[in-house]
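Asks: Have a look at this one.
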Amino acid sequence: MISETYIYVYPIIYCNNSYMINQSPEFNMSGRAENGKYLNCIANCSTLGGYVSVPPDAYRIDYSLAMNITIGERSDIVNILVGSHFGVSLASNSWRPLTLPPGSSGSKS
């Protein structure tokens, strides 16, 4: 199983309590950089073992107006051969950047 968590810039990907309670609608990626993109292999792709790319469409699970983020999750069952090893990734310009607020200390990863 592949579990995906996405953190998007709010309000680019809008959320409210009703969306979370009803688990509807899924993120609408139409007109966004993510539209038509998938969680694709980026490393060791010769050892995919039958992996089929999955879309990034997720359901909203949380949001923060103070942090300007909307969080979504999805899980996909993907059957692969024993011994398969590879890396997958999805890049997006709607994602919240890995930055620290001005004047804060710490690290990012």
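The values are calculated or read from the model by the stated rules, or taken from the named source; none is laboratory data. Since we're looking at a predicted model, the values are computed, not measured. Here the Cβ is made from the backbone with ideal geometry for all residues, glycine too, and neighbour counts use every protein chain on show.
Asks: Read through the list (1) surrounded by 14 or more Cβ atoms within 10 Å (Cβ to Cβ); (2) farther than 24 Å from residue 7 by Cα, then give the number of the only condition that residue 79 fails.
Replies: The single condition residue 79 does not satisfy is (1).
Asks: Still on this structure: I'd like the full set of residues that are at pLDDT below 85 and at positive phi, limited to the range 80-101.
Replies: None - no residue of the range 80-101 is at pLDDT below 85 and at positive phi, so the list stays empty.
Asks: Could I ask something else about it? Starting from the range 15-26, take each residue that is at pLDDT 75 or above and list its partners that are among the aromatic types (Phe, Trp, Tyr) and surrounded by 10 or more Cβ atoms within 10 Å (Cβ to Cβ), counting only C-beta distances under 6 angstrom and pairs at least six apart or across chains.
Replies: As it stands, the answer is 15/63; 23/59, since those pairs meet every condition given.
Asks: Something else now. Under 8 Å between Cβ atoms, at least 6 apart or on separate chains: pull out the pairs that start in the range 56-77 with a residue that is part of a loop (DSSP other than H, G, I, E, B) and end on any residue that is of a type in the set (Phe, Trp, Tyr) and surrounded by fewer than 16 Cβ atoms within 10 Å (Cβ to Cβ).
Replies: Qualifying pairs under 8 Å: 56/38.
Asks: Of everything in the range 46-62 that's touching a strand residue (DSSP E or B) at 6+ places or on another chain (Cβ under 9 Å) and either among the aromatic types (Phe, Trp, Tyr) or over 17 Å from residue 78 (Cβ atoms) (or both), which residue is surrounded by the most Cβ atoms within 10 Å (Cβ to Cβ)?
Replies: So the residue we want is 60.
Asks: Right, here's the next one. Among the residues of the range 34-58, write down those that are modelled with pLDDT of 85 or more and of a type in the set (Phe, Trp, Tyr).
Replies: 51
Asks: Within the range 45-74, can you find the residues that are within 11 Å of the chain's Cα centre (by Cα) and among the aromatic types (Phe, Trp, Tyr)?
Replies: 59
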